[in-house]
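Undergrad: Sharing a structure below in structure tokens format, with a few things to ask.
Read-outs: derived from the displayed coordinates by stated rules, not from any lab. Note that the coordinates shown come from a computational prediction; the quantities given were computed from them, not determined experimentally. A quick note on method: Cβ atoms are made from the backbone with ideal geometry, for glycine too, and the neighbour counts reach across all protein chains shown.
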Amino acid sequence: MRRILILGIIIGISSMIPFAFSSFAQEEAPTYRDSLVFTDVVLIKDGTNLRSGQGTQYAVVGKAVGGEKYDLLSKEENWSKIRFQGEEAWVINRLVESFTQDTTVIKVEIPPPPKQPGFGDWVKANLFYVIGALILLICLLLILRVVLTT
């Protein structure tokens, strides 16, 4: 009688092990998609003075190179603030050849869909109830066996 009870408990617990660990599957590799980023840029006439402020009274911090694009930070009535060699600089608008947009393609990670709970997750969440139900079932079967054999 004791052997049957122990055997039933061992079989019941061992049959749940694959379900209990089924959610430890390997994660999927992330997926990416291309995304466009638009940046406002200016083209400035070659040799144009770039200044530290809005006005000719401000110091010259560099000279524009023709055909090179500079990020536009802000545009005022007569002057535009640009990014020049990692710093801010100002250029008079009448010497700007064009105000345009530059596009850059970047990779954006697509998050995985939310994980749907499986049977293994349910078993882990209710493990004590499952074990209790199995023990109860085994006890009922043993009682039934005793009743039928007498």
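Undergrad: Could you count how many residues in the stretch 105-126 are farther than 30 Å from PHE38 by Cα and of a type outside the set (Asp, Glu)? So that I can check it myself, show each step before the final result.
TA: Filtering the stretch 105-126 down to residues farther than 30 Å from PHE38 by Cα leaves 114-126.
Right, trim to of a type outside the set (Asp, Glu) and you get 114-120, 122-126.
Within the stretch 105-126, residues that are farther than 30 Å from PHE38 by Cα and of a type outside the set (Asp, Glu) number 12.
Undergrad: Can I ask one more? With the checklist (1) under 20 Å from the mean Cα position of the chain (by Cα); (2) among the charged types (D, E, K, R); (3) under 30 Å from LYS45 (Cα atoms) in hand, flag the one item LYS115 doesn't pass.
TA: Against the list (1) under 20 Å from the mean Cα position of the chain (by Cα); (2) among the charged types (D, E, K, R); (3) under 30 Å from LYS45 (Cα atoms), LYS115 comes up short only on (3).
Undergrad: May I pose another question? What about TYR58, is it of a type outside the set (S, T, N, Q), in a strand (DSSP E or B) and surrounded by 14 or more Cβ atoms within 10 Å (Cβ to Cβ)? Quick ask: steps written out before the conclusion?
TA: Values: of a type outside the set (S, T, N, Q): yes; in a strand (DSSP E or B): no; surrounded by 14 or more Cβ atoms within 10 Å (Cβ to Cβ): yes.
Criteria not met by TYR58.
Undergrad: Residues in the stretch 82-135 that are farther than 12 Å from TYR70 by Cα and of a type in the set (Phe, Trp, Tyr): how many? Break it down into steps so the answer makes sense when it comes.
TA: Just the residues of the stretch 82-135 that are farther than 12 Å from TYR70 by Cα, to begin with: 92-95, 103-135.
If we keep only those that are of a type in the set (Phe, Trp, Tyr) as well, we get 119, 122, 128-129.
Selection size over the stretch 82-135: 4.
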